[in-house]
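What follows is one structure encoded as structure tokens, with my remarks underneath.
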Amino acid sequence: MILVENVHKSYVYGKQRSEVLHGINLKINKGEFVTLTGPSGSGKSTLLNLLAGIDVPDQGKIVIDGKEISKLSNEERTKWRRENLGYIPQFFYLIPFLSVLENVEITARLTKVNNFKEASLEALEKVGLKDKAKRFPSELSGGEIQRVAIARAIVHNPKIIIADEPTAFLDLKNKQNIVEILLKIWNEGKTIILATHDSFLAKKRIIELVDGRIIGEKYA
Amino acid sequence: MLSILIGIKSLRRKGFLLLLSLLTLSFAVFVSVNNAAYNLENIAKTAWNDYVGNVRITGIFNEDFLDKISKSEYIQEYQALAIIPADIYVKGEKRTVYLIYPRNNISLMSYKIKEGNNTGALILDKKDIEFGKIIIKINNIEKEINITGYASAFYVFGIVDYRLIINENQLKDILGQIIYNVIFVKLKDLNNLKEFEKKIYDYSNQTKSKIDSFIVLDPETFPGKNETNAARNTFNLFIFLLSIVIFVSFFVYQFIYLEINSKELAILNVIGFTKKNLFVYYTTPIFLIFLISTIIGYSISIPFSYYVFESSLKSVPLGFSEIFLEKYGYKFNNEIVLNSFLIFFAFLIFSILPIFIYIYRKNILELFSFYFFSKSKNKLNIPNFNLKVSFNLSSGNLWKFILLIILFSLILTSTISLFSIRDSWNESIENLNNFYDNFIYALGNSKNLPEINNASVWKAVFHFAKVKEKDVVTATFLINKGVMPNLKEGRWPTNTGECVISLTLSKTENIKVGDEIELEAGINKYKLKVVGIAEIPLFFQYTRETRSVVLYYDEFKKIFGDLEENVIFLKGDYKAIYNELISKGFVVTLRSKDESISYGKSGGAIAFVFLNFLTFSLILSNTILIGIILVTNLSSKIKEIGILILLGYTTRKIIIMIIFSSLILIFTSIPISYLISLYFSSWNINMMIEFTGYFEPKINMNIVITSLAYSLLPLILIYFILYIIIKRINLVKILLG
């Protein structure tokens, strides 16, 4: 279970401090599919970064499966994220000098997955890219790169998957394709938190953020 | 115009300030060292000759003789010195001293009072003697002498503990009369040497004076010349290395800079910048930095250059004193500034080559990389996953990796060479001084020498002769009772026209037994047949090898006169001989073999100053280069590292991966460095510090391991910087793109 209690977060830009999140309270149960929606600058990515332990709140706490991750050190959060989380970023972040398979293998090796090569190929099969395992990122399309990022996020079988606008730079067909893959993974019992500003992609429990505040919640 | 304008504005980039500082410093060092080397070279030709003149005459001379000399039409100026060896009692201990009376202090061989006055004696080089009365002993007669000041002068005449400048009254009091034994003369015209020599002998006959030797002083063979040469060679080598470092740094920097800013290049191209515009935009700041750095560097080099020159001279204790430095008119040579500017300009042109290639001929670069990288990815095709990641984080490209290997090999080579030379140095001094138990330096008439067994007695002159244009020590042995230096080949001379040469002379000038050499002493030349090669300690107070020639005694005496300095190498008990020498009025300095070895080793300190300087420069410059490559490479891969951290790689794990790749670098460098060091250390030491004698430095495993430990220190520092960079990575910023 994920518990977010009165979380505040602000950033300093030059001499000005800008508060991005204003006292967020949120509870996400195990196995839920949660979609965060809202316009640009509403705080979706910031909230996801806090949930993934990439950043820490200025105030409030985040407890995941009984562990207050906001109190962990940077290194401890890295290790926690490694074991418990799959992260799909907004931009196409693959390592350019590694092949598709090697990019997926990174996580598998880190988390000491048995038969990491087979596991990586299996993850690539789930996203429909097993045949392109030996290619390099520069030889793939945007949609394919994002699917590799999904394979990399699921290869070690994490409990939670966080996807920060993974469809932002894709065409409609690819957007739908990515969401379908995420739903398929959710059906395997994972907790999925997806951020998107495309309202038609929002699924299941939908939480709307505006100016760093939760203004509404609905189910679809 | 727009390209130039935004080019100027791009100077605000952080990296440019660092580049400006580095270039300014490099230019300042470049000009300073170049100028110091030029002045070091010049000092040999002018200052020595101005200070000592052209001719040295030894013997016994009275005032009538000097009166004749002073009226001679050939003479520009002269100096007569009375040099008297004596014993002196300092804090209850008997020590040796030369009492020196210079007849005319505004001429050659002058001195400068540093403290007090010359109403009494002046002590040279402030030591442990206080002003006031002190007891001296000459010919077993004790006298009191009053010391009233300290002075500086270049009166290096032999192995004594102290040198005192006395006045006319003190000389009269000591000797009862005024007699001189050395005269230095500066001629109006050197073409009149022969006539002047003839006149001098006429004067001696007329005035009942006695001439022992008439030596023409060669401005190229002055004391300290070898040390000055060593300094100049070191500086030249330093300049050469600095040039390479500046060039490589500039070149690498441009490539990396373009790699990092390739996106900017593309965007500018998209908005309408032509290739020419882009080239102007990228080269404008480089030209400006070049101009600013040379102007500031020039201003810094003016005082810095004199500092380098003065401190390198003062680090040579044998050859120089303050007065010698004062005699020399230091010049800041603007021709050198212009040359340095042109060399730097050449660097600049080379350094903008990558910009030109990158903008105009990018395809050629890709074609070039085809040979080194896997065809499709422009990256090395490494099968091992961990190795691949490590390699890409630490260097990325094969050419960068090869450059890293070369740079680290150079660091390792210089440290291996340093340690190997240091070890071999000490060993060679021990071997050289192993043939005797005690060394006695006895000042007095050799006719009065007692009967000595188990010893050899030597006489030597420094800086008065040359072989193949190189300064040599000329020596002879008066007595040979079995205690002789190590004869490597042949035999000792038994007749005139024969000589033994030192191993150093043999090796450096490729002279063998049976060869004929020409010994130049002043205007005279002597043909000598080499009958042997020996390792003889005739340098650095008879503790080190150097270029030397050993003549048969009669021939030596004919050329250089009869010297009062007797060098005795003795085996067994020294006490009886020592006491007998004292009772016969000799001024005696005793030194055990161990003291000689220790002293000889300390003589290496001068050379090690240069060696350490060179090694330090190499380590520093190469560390900077390695640092530039590793840090800029890492900076350009921040995003990749960010992803790795996002996926769960800890900072520690990433740095371990980078170090892992560096282990390959280190282990590849060891055999390369070992092979280079074998040649480099021998060449380095014999080229740079040739005056210390020839030897082949040895390299063992211990030296390699020690060198590796020292060479790794700068790498650790670089890895610490990398660690800080990785630690400070802001994942949020990376995720924002």
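The values are calculated or read from the model by the stated rules, or taken from the named source; none is laboratory data. As the structure is a prediction and not an experimental result, all values here were calculated from the model. Methodologically, a virtual Cβ is constructed for each residue, glycine included, from the backbone with ideal geometry; neighbour enumeration extends over all protein chains shown.
The rows are residues; the columns are (1) closer than 28 Å to residue A:137 by Cα; (2) at pLDDT below 90.
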residue	(1), (2)
A:2	no, no
A:60	no, no
A:63	no, no
A:73	no, yes
A:81	yes, yes
A:92	yes, yes
A:96	yes, yes
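Take the conditions (1) within 14 Å of chain B (Cβ to nearest Cβ); (2) over 27 Å from residue A:176 (Cβ atoms); residue A:114 misses just one of them, which is (1). Tell me, please, whether a residue that is in a strand (DSSP E or B), at pLDDT below 95, out of contact with any Pro (no Cβ under 7 Å at 6 or more places or on another chain) and on the phi < 0 side of the Ramachandran plot can be found in the range B:539-546. Yes, the range B:539-546 contains at least one residue that is in a strand (DSSP E or B), at pLDDT below 95, out of contact with any Pro (no Cβ under 7 Å at 6 or more places or on another chain) and on the phi < 0 side of the Ramachandran plot.
From the list A:41, A:60, the lone residue that is surrounded by fewer than 20 Cβ atoms within 10 Å (Cβ to Cβ), among the small types (Gly, Ala, Ser), within 13 Å of chain B (Cβ to nearest Cβ) and closer than 24 Å to residue A:212 by Cα is A:41. Picking from residues in the range A:178-197 that are surrounded by fewer than 18 Cβ atoms within 10 Å (Cβ to Cβ) and more than 12 Å from residue A:164 (Cα to Cα), the one that is nearest to the chain's Cα centre (by Cα) is A:183. Within the range B:564-597, the residues that satisfy the criterion of being under 31 Å from the mean Cα position of the chain (by Cα) and either aliphatic (A, V, I, L, M) or assigned to a helix (DSSP H, G or I) (or both) are B:567, B:568, B:590, B:593, B:594, B:595, B:596, B:597. Just for the range B:686-728: of the residues that are surrounded by 18 or more Cβ atoms within 10 Å (Cβ to Cβ) and either within 14 Å of chain A (Cβ to nearest Cβ) or in a loop (DSSP other than H, G, I, E, B) (or both), which one is modelled with the lowest pLDDT? Among those that are surrounded by 18 or more Cβ atoms within 10 Å (Cβ to Cβ) and either within 14 Å of chain A (Cβ to nearest Cβ) or in a loop (DSSP other than H, G, I, E, B) (or both), it is B:689.
The residue that is nearest to the chain's Cα centre (by Cα), among those in the range A:87-102 that are within 19 Å of residue A:166 (Cβ to Cβ) and more than 9 Å from every other protein chain (Cβ to nearest Cβ), is A:88.
Number of residues in the range B:640-678 that are within 14 Å of chain A (Cβ to nearest Cβ), under 17 Å from residue A:102 (Cβ atoms) and part of a helix (DSSP H, G or I): the value is 10. It is to be established whether one or more residues within the range B:462-481 are at negative phi, surrounded by 21 or more Cβ atoms within 10 Å (Cβ to Cβ) and assigned to a loop (DSSP other than H, G, I, E, B). Among the residues of the range B:462-481, not one is at negative phi, surrounded by 21 or more Cβ atoms within 10 Å (Cβ to Cβ) and assigned to a loop (DSSP other than H, G, I, E, B), which makes the answer no. Checking every residue in the range B:604-614 against the condition of being modelled with pLDDT of 75 or more and either surrounded by 16 or more Cβ atoms within 10 Å (Cβ to Cβ) or within 14 Å of chain A (Cβ to nearest Cβ) (or both) gives zero matches.
Applying the set (1) under 27 Å from residue B:69 (Cα atoms); (2) of a type in the set (Gly, Ala, Ser); (3) under 30 Å from the mean Cα position of the chain (by Cα) to residue B:176 leaves exactly one unmet item: (3).
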